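First comes the structure, then the notes that go with it.
The values are calculated or read from the model by the stated rules, or taken from the named source; none is laboratory data. None of the values given here were measured: they were computed from a predicted structure. Virtual Cβ from ideal backbone geometry, glycine too; neighbours counted across all protein chains shown. Note: accessible area is taken over every heavy atom of the protein model, side chains too, but ligands, DNA and RNA are not part of it. Shrake-Rupley method; radii C 1.70, N 1.55, O 1.52, S 1.80 Å.
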Amino acid sequence: MIEHPHGFWQDLYPPGTIQPEAGGWGKVYPGTLPDGRQVALPVRVLPGDGQAAVASLIVNQASFVVEEALVAAMADAARPFAPEVVVGVPTLGLSLAAGVARALGHARMVALGTSRKFWYDEALSEPMNSITSPEQMKRVYLDPRMLPLFEGRRVALVDDVASSGRTLGAVLRLLARAGITPQVAAFAMLQGEGWRATLAASPFPTLRVVGAMATPRLARGPDGRWRAMEGGQ
């Protein structure tokens, strides 16, 4: 189906187009939208012994058609929570947050940042890394000038992928530090279940988390094909 690495995330396929072979998956795993349409995701082997993998989504390499479909599904999932402010998580969550805010009828969104501006307050920051960049520790910041936008308003957090939950945990600690309570976190993809433990240990353990797609962690079988990992971690 996909002949070149740049061919992933470019098309929306009819429901059921991408099917397993011999009960497992090779280089492609389907992400399934709420309406059943599928996105072809590459299987990425995780660092370690080569026996675990994830279905990968890199939003800024996706076609606009795929990105727009993800944004529409995320906005639909967040809408019942009546968010009045959308917060975008850098880097790959920012374009999605802008799209979700527009779809919800907002005039703007609030972008978090990883570049410290001279007027920022270090107290409004948290250390952050992710499953795709585990050795790259950085800080996520909230511009203090944005604080008045949150007063008395319902908040939705938007990012691309929830996997280990490291980024989610850092952002929730930052929001708690700023006195902001989010009502929902919307993701383009929920990748496995590892993020749940991080959420449970966060300042907002009951936060509702929604996603346009959900994929399991994958384990390599004896035949070399990939299957959903037991427990999904």
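Could you go through segment 211-227 in sequence order and give the Karplus-derived ³J(HN,Hα) for each residue, using 6.51 cos²θ - 1.76 cosθ + 1.60 with θ = phi - 60°, rounded to whole Hz, and x for Gly and Pro?
For segment 211-227, the Karplus curve yields x, 6, 9, 9, 10, x, 5, 10, 10, 6, x, x, 8, x, 8, 9, 9 Hz.
Evaluate E = 1/(1 + (r/R0)^6) for Ala201 and Lys117, where r is the Cβ-Cβ distance and R0 equals 30 Å; express this FRET efficiency to the nearest 0.05.
0.50
Quick check on segment 38-171: take the gyration tensor over C-alpha atoms, sort the square-rooted eigenvalues as a ≥ b ≥ c, and tell me if it's rounded (a/c under 1.5), prolate or oblate.
Details: a/c = 2.27, a/b = 1.21, b/c = 1.87.
Here segment 38-171 falls in the oblate category.
Considering only the other residues whose Cβ falls under 15 Å of the Cβ of Val43, what net charge follows from Lys and Arg at +1 and Asp and Glu at -1? Please report the intermediate quantities before stating the final value.
Numbers: positive: Lys27, Arg44, Arg217, Arg220, Arg225, Arg227; negative: Glu21, Asp223.
Summing Lys/Arg as +1 and Asp/Glu as -1 gives +4.
Under a 5 Å amide H to amide H cut-off, with H placed in plane at 1.01 Å, what residues pair with Met229 once short-range neighbours are removed?
Arg217, Leu218, Ala219
How big is the convex hull of the Cα atoms of the chain, per residue, in Å³?
Numbers: hull volume 29.6 nm³, N = 233.
About 127 Å³ per residue, rounded to a whole number.
Taking square-rooted eigenvalues a ≥ b ≥ c of the alpha carbon gyration tensor, is segment 167-230 rounded, prolate or oblate, where a/c under 1.5 means rounded and, failing that, a/b exceeding b/c means prolate?
Working: a/c = 3.67, a/b = 2.57, b/c = 1.43.
Prolate is the answer for segment 167-230, as a/c is 1.5 or above and a/b outweighs b/c.
Please report, as a whole percent, how much of the solvent-accessible surface of segment 34-102 comes from carbon and sulfur atoms (probe radius 1.4 Å). The partial results should precede the final answer.
Working: 1610 of 2850 Å².
Ligands and nucleic acids excluded, carbon and sulfur give 56 percent.
Hey, what do the phi angles of segment 114-120 turn into as Karplus ³J(HN,Hα) couplings, whole Hz, using 6.51/-1.76/1.60 and θ = phi - 60°, x for Gly and Pro?
10, 10, 7, 7, 5, 8, 5
Take the chain, mark every one of the trypsin sites (Lys or Arg not before Pro) that falls in a DSSP loop and has at most 15 other Cβ within 10 Å, then report the longest stretch left between them, sites excluded. Walk me through the numbers before you get to the answer.
Details: sites that count: Lys27, Arg108, Arg116, Lys117, Arg153, Arg154.
The segment 28-107 is the longest one with no such site.
Report relative contact order for the chain in percent, whole number only (criteria: Cα-Cα under 8 Å, sequence separation at least 6).
Numbers: 491 pairs, mean separation 45.1, N = 233.
Over the chain, the number comes to 19 percent.
Under the Karplus relation 6.51 cos²θ - 1.76 cosθ + 1.60, θ = phi - 60°, what is the ordered set of whole-Hz ³J(HN,Hα) values for segment 93-98, x standing for Gly and Pro?
Each residue's phi maps through the Karplus curve to give x, 5, 5, 5, 4, 4 Hz.
Describe numerically, in nm with one decimal, the distance between label points set 7 Å from Cα along Cα→Cβ at Leu46 and at Phe64.
Going from the Leu46 label point to the Phe64 one covers 3.6 nm.
Under a Cβ-Cβ cut-off of 14 Å, what is the net charge of the residues other than Tyr120 that fall near it, where Lys and Arg count +1 and Asp and Glu count -1? Before the final figure, lay out each step's value.
Numbers: positive: Arg116, Lys117, Lys138, Arg139, Arg145, Arg177; negative: Asp121, Glu122, Glu126, Asp143.
Result for the local shell: +2.
With every protein chain left in place, what is the accessible area of Ile58 in Å² (1.4 Å probe, nearest 10)?
40
List every residue whose amide H lies under 5 Å from the amide H of Val28, counting only residues 5 or more places away in sequence or on a different chain, with H placed 1.01 Å from N in the peptide plane.
Close amide H contacts, sequence-distant or interchain: Val43.
I want the antiparallel fraction of DSSP beta bridges within the chain, as a percent rounded to 5. Walk me through the intermediate numbers first.
Values: 21 of 40 bridges.
Counting only bridges with both partners in the chain, antiparallel ones make up about 50 percent.
Just name one of Ala201, Pro80, Ile18: the one whose Cα is farthest towards the positive end of the charge dipole of the chain (beta-carbon charges, Lys/Arg +1, Asp/Glu -1).
In the chain, that residue is Ala201.
Counting other Cβ atoms within 10 Å, keep those with at most 10, restrict to DSSP loop, and tell me which GluC sites (Glu not before Pro) in segment 47-150 are left.
Working: sites: Glu67, Glu68, Glu84, Glu122, Glu135; in loops: Glu84, Glu135.
Listed in order of number, the matching sites are Glu135.
Which value, in debye to the nearest 20, describes the size of the charge dipole of segment 146-233 about its Cα centre when Lys and Arg Cβ atoms bear +1, Asp and Glu Cβ atoms bear -1, and nothing else is charged?
Numbers: 11 positive and 6 negative charges, 17 e Å.
Dipole about the Cα centre, nearest 20: 80 debye.
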